[in-house]
Every structure is written in C-alpha cells, then in structure tokens.
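Structure record follows, encoded as structure tokens.
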Number of protein chains: 4
Amino acid sequence: MSMPTARDPAFRTRIQASFERQGLMKTLGASLLGIAPGAVEIALSPGPAISQQHGFVHAGAVAAIADSAAGYAALSLMAPGAGVLTTEFKINLVSPAAGDRLVARGRVVKAGRTLTLAQAEVVAESGGQEKLVALLTATMMTIEGRGGVAD
Amino acid sequence: MSMPTARDPAFRTRIQASFERQGLMKTLGASLLGIAPGAVEIALSPGPAISQQHGFVHAGAVAAIADSAAGYAALSLMAPGAGVLTTEFKINLVSPAAGDRLVARGRVVKAGRTLTLAQAEVVAESGGQEKLVALLTATMMTIEGRGGVAD
Amino acid sequence: MSMPTARDPAFRTRIQASFERQGLMKTLGASLLGIAPGAVEIALSPGPAISQQHGFVHAGAVAAIADSAAGYAALSLMAPGAGVLTTEFKINLVSPAAGDRLVARGRVVKAGRTLTLAQAEVVAESGGQEKLVALLTATMMTIEGRGGVAD
Amino acid sequence: MSMPTARDPAFRTRIQASFERQGLMKTLGASLLGIAPGAVEIALSPGPAISQQHGFVHAGAVAAIADSAAGYAALSLMAPGAGVLTTEFKINLVSPAAGDRLVARGRVVKAGRTLTLAQAEVVAESGGQEKLVALLTATMMTIEGRGGVAD
C-alpha cells in the first residue's frame, strides 16, 4: 500500500492540538504515539482507573483510543479547516485487554468527500510481544463550514 | 413486550457490586440509575473531563456507558455465577452528545445460551426534554466456569 | 412513537416503482408487503434457491430484504427526487432463518439531512407464530442532484 | 503475516462441497475462485438479476459473497466435522458495486475456540484495474456436535 498524501501540510500540528483538547484522552491517560498521512497511533496503559469488573481494560476505553486513532487518521487527509466527526463504529473484542500497554493503530481504508472509512486495530504489548485485542471499523464524516467543529 | 424473568433473585445486588468494580465508570463519573430484568440504565454528566475536541462528550465515553448498560441488561438474565463479556458492539452517533445529562438505556433483545443480543439507546436530557444521541447493538457472551470472570 | 410525516405525497408510488427495479428482489422472490411513512415491510419465502449449506436462508438473503426494508423506510421520508444509498449496515443473526415466511420490518430511527439511521428486524413466521431471526442497523445516505441515483 | 495451518487436510474438498450446497450462491451466479488456509475468494458478475434500483449490484448480494468468503475462510481452519454459522456481520459500502466482476476476499483475523473474527474485502474489477467496493467484518461461530450443522 502506498502512503496517501496529506492535503494540509500542517496536519501533524492540527492533530496534536486537537488531541490535547480531547479531555477524555487525558482522563484515560492516553498519549499520541505517532502521526503519518492516513495513520495515527495512540497508547494507553492498563490500570484500575480504566477497568471493567474483571480487571481488564473496559471496552469503552479500548473503543475510545481506537475511535480517536481512526478519527485522526481520517483528519490527517482532510483539507485545512475541516473537522472530523464519528458517525458510527463497530468494534470486535477478540482478547481480554490487558498487558503492559495498549496501542491503537488507526488507518484510512477509503477517504471520500463526505465520508471516510477507517480502521483501527488495538494490540496489547506484554514482555516484548504483542497480541491483537480489538478491531474497530468506523465511518468518519468531514465537516466543513460549521463553526466550532474544526479539526 | 412482556418483561423477561431473572434467573438469579440476587441479580440487582450482583450488578450493583459489579458496576462498582468498573473503575472506568467511576473515572467517567457514571452512575447506575436503574436495574430491572433485562434492562439497565446508566447516567453520565457531560463535562470537559470526558470531552472530544469540539467539546461534546467523546464517542468512547458514550460507548462506555452504552456498553455497560447493555452488558448489565444481559447479565440480569444470566444464571448465578455467570460472567458477561462483550464480544462486539456497533454504535451509531446521531446527534452531538451534549446536554444536562446523558442516559444509556440497555435492554436485552434476545437472550441465548452462549450469546445475548442487547441494545442500548443513549439520550441527552436538556431543559426537561430528551433527544436520541446514540444507538448501540452488542453481542454479549455468557462465561461460565472460568475463574475471575464472574458477573 | 408518533408516526413521522412523508415529505413527498407520492412516496408509496416511488417506493413501489423503485422496488420493482431491484432485480435482486425479483430473483430472491421477495415482495413488498407494506409502506407507511418511515416504515416498510418486505416478505421472502424460504427455499433451496436462497439457502446456505445447512438449508437455512443464507445470511446474505436475510440481509438483502432487511437492507431494502430499512432503505425504503428511509426513502419514504425523503424529499421528491432524492435517492437513497446504503453506506453501511450491521446485522445480528439470532436464530436460523427458516419457517413459512420471513418478514423484514424496516423503520427510521433518526432522519437527518445527509444520513438517516434505520433499523429492520426480520422475523420468521411458522404455524401462526413469529420468532426474531435477525436485527439490522443501517446508515442510509440521501443523494440529491446526482443523475441516475433517484429513489 | 504467516499463513495459518488448516487442522483438517480435507478442508478444500469440504468447502467446495459446502459451497455447492449454498443455493443462494448458484442463484446469484457466484463462483468459488480460490481456497487457502484462512482465506477464500468468491467471484460474482454484475447484472440486472442482482441489481438494486440504480443498476448497481444490491448491497445484499455484495454482502452475500463477502459473508460466504469470510465464513469459508473461518471454516478452513476448523476441525473435521465442525460447522460454521455467521452470528453477525457489518459491511461498509464505499463505492457503487459495478464493473466486469466483483471479487470477495475473505480472511481470518483471529480464530478462537468458539468465535472466529473474519474480514472480507470486495473489489470491483474493470478494464484490468480493481477498486475497493466494500469491507465486511464478521463473527463466525464454530458449531460442533449439532446434527445437520456441519461444514
């Protein structure tokens, strides 16, 4: 797969600034690992503050970083001034979310004018190995010309 | 629709205790509003700590309460000692998640031996009115006889 | 739930004509049972020509009538001249699709300017009783001003 | 990605025979293109008999070949005697389904004891080029010891 081209040379700065405005990412303790055209990675450390009842990371927290990674992957290919909104996503949880660190890897599957299809896989890193935890597929919408909805 | 029957008379106590073990619900500030056989409600107050970049509640936080509401609705119909795990869910976000309070209303669509289909709608309450924000559909798995995965 | 209002008084005629252009519906042997504002029903008779390997109706055929029912429910609320396209759907198959007749009941959950959220449940009728077979959730897109994509 | 290992040396014969029992595949005119451990391809020729109202291939027919390709990819890794059932799938339709030929490429993402996560991409071939039409994600269930549900 060839790497797609960003339409806004400032896409990294915009995504970094937008991520910092996501209060939930700070509350969960998530961090932005990497940004490339059409691909964004977000990391999260498992712990009791983001757990479900059996001690694994809650599906909602897994979904949150996967959704942000997929959404910012979509935003990385949008024009300057555009905003991104998630219209829907689906996530399959294939292994318990636990380990040293979770990493969500978002990438654009198909960028359209209004809708962008993106995926994110979430892996758990433990003792130098990684394991697939979840797979998310999302439809992202490009918002243009609506005040308050940029980036 | 007739109300389904709980197989475990202690289902309310089990769900309450399980909810309190979900660290993420406390971190988000979510609370358990109501429990009935096959139906569970969870509330969440919008605020900067759970926001996305435009100030709305992050889709991951909306998904978290919807997933917990659907999962506990499923658990309410399971046998004593069983545990519930989400295997997959899909959520459509139809309006920006904002307002005085979000309420996720989970209910069982079809309870099976291994898999239960559940839905949760999330509404935003504002000034005495409510508006649909999101609709989640989830497949929940019944776990029996696996240590550490109860309730 | 109050019944929504159709914006095009000719919606029934348009849906009937559009359904007749769906070659797949004729090939499957599906028929249009009913049309109301925001709600459309389609029927299908199980048989070897639409089966999967165990003799049940193939998930693709179940999905086809559910998708058409949901899509026409969405179209029933659109303006004259608009066309409807499915952008994505998700379907849960909760019982084997078999019986005297399958009926897909589509309804609009939320009609938006560009995107409409619709659901369809598919039931199997057998000996006077009905049973839930599948539940579909779909995002439908309103197409305006694009030649060849009307209704 | 290393190729997974089939547990049943006769998996190709079983899948071929199972495919021939899928009446819907014959009715749609679909054919089995290739079978490998964890990966199955199915082809379909666009035409009026499988169309929706605008002349494209109906989403239900696209979903049918994608579901069969994903399901047989899952079956290819199952033990002798096991049967496969689709419990749910989600499909995003990113381009109109048209062209000389559609090809659905199913592959296993994660094979579990009870549930297998599989994906299928559907491409349209036209004039020697191919274009992504749809992406399906499915949860397949392994059925063992239930009469009538094998392969």
What's the angle, to the nearest 10 degrees (0 to 90), between helix B:11-21's Cα axis and the longest principal axis of chain B?
60 degrees
Excluding residue B:138 itself, what net charge comes from residues whose Cβ is under 15 Å from its Cβ, given Lys and Arg +1 and Asp and Glu -1?
+2
Whole-number Å³ per residue for the convex hull built on Cα positions in the stretch C:45-151
105 Å³
Choice from A:16, A:119, A:53 with maximal GNM fluctuation in chain A (Cα, 10 Å cutoff):
A:53
Relative contact order of the stretch D:47-114, defined on C-alpha pairs under 8 angstrom at six or more residues apart (%)
39 percent
To the nearest whole number, what is the average tally of beta carbon atoms from other chains within 10 Å of the beta carbons of peptide A:108-116?
3
Using only the Cα atoms of the protein assembly as shown, build the gyration tensor, take square roots of its eigenvalues as a ≥ b ≥ c, and label the shape rounded, prolate or oblate: rounded if a/c is under 1.5, else prolate if a/b is larger than b/c, else oblate.
rounded
Residue-by-residue Karplus 3J(HN,Hα) for the stretch D:49-57, coefficients 6.51, -1.76, 1.60, Hz, glycine and proline x
6, 10, 8, 9, 5, 9, x, 6, 5
Under 14 Å from the Cβ of residue A:20, count the other residues' Cβ atoms, weight Lys and Arg +1, Asp and Glu -1, and hand me the total.
+3
How much accessible area per residue does the protein assembly as shown have, in Å², with a 1.4 Å probe?
37 Å²
With all protein chains present, calculate the accessible area of residue C:67 using a 1.4 Å probe and round the result to the nearest 10 Å².
10 Å²
If we hang a label 7 Å off Cα along the beta carbon direction at residue D:148, how far is it from the matching labels on the other copies, in nm, shortest first?
4.0, 4.5, 5.6
Amide H partners (placed H, <5 Å) of residue C:51, local residues excluded:
C:58, D:23, D:24
What average number of partner chain Cβ atoms lie no more than 10 Å from the Cβ of the residues making up D:63-75?
3
Once the dipole of the stretch A:97-147 is set up from charges on Cβ (+1 Lys and Arg, -1 Asp and Glu), the residue from the list A:109, A:145, A:124 lying farthest towards its positive end is A:145
Net charge of neighbours whose Cβ lies under 15 Å from the Cβ of residue A:37, counting Lys and Arg as +1 and Asp and Glu as -1:
+4
Summarise the accessible area of the protein assembly as shown (1.4 Å probe, protein heavy atoms) by the percent that is carbon and sulfur.
52 percent
Return the calculated 222 nm mean residue ellipticity for chain C, to the nearest 500 deg cm²/dmol, obtained by summing -39500 (n - 2.57) across DSSP H runs with n ≥ 4 and dividing by the residue count.
-7000 deg cm²/dmol
Could you order A:14, D:21 by accessible surface area, starting with the largest, using a probe radius of 1.4 Å?
D:21, A:14
Degrees, to the nearest 10: A:59-75 long Cα axis against longest axis of chain A
30 degrees
Report the C-B buried area as the accessible area lost on both sides summed, probe 1.4 Å, in Å² to the nearest 100.
1100 Å²
For peptide C:22-35, what's the mean number of Cβ atoms from other chains within 10 Å of each residue's Cβ?
4
Which of D:47, D:128, D:71 ends up with the largest GNM mean-square fluctuation for chain D, with Cα atoms connected below 10 Å?
D:128
Sequence-separation-based contact order of chain C, relative, with Cα cut under 8 Å and 6+ spacing, percent:
24 percent
26 Å Cα-Cα threshold exceeded, pairs from A:110/B:90; B:26/C:110; C:26/D:110; A:90/B:26
B:26/C:110; C:26/D:110
Let me make sure I get this right: for the stretch B:1-100, a, b and c are the square roots of the gyration tensor eigenvalues over alpha carbons, sorted descending. Under 1.5 in a/c it's rounded, otherwise prolate if a/b > b/c, else oblate. Which is it?
prolate
Taking the axis about which chain A rotates onto chain D, which residue of A lies nearest it as judged by Cβ position, and how many whole Å separate them?
A:90, 2
So how exposed is residue B:121, as accessible area in Å² (1.4 Å probe, rounded to 10)?
70 Å²
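The values are calculated or read from the model by the stated rules, or taken from the named source; none is laboratory data. Everything quoted here is computed from the prediction, not taken from an experiment. When we count neighbours, we look across all protein chains shown, and the Cβ atoms used for this are built from the backbone with ideal geometry, even at glycine. Each accessible area value is taken on the protein alone, full model and side chains, heavy atoms only, with ligands, DNA and RNA left out. Shrake-Rupley method; radii C 1.70, N 1.55, O 1.52, S 1.80 Å.
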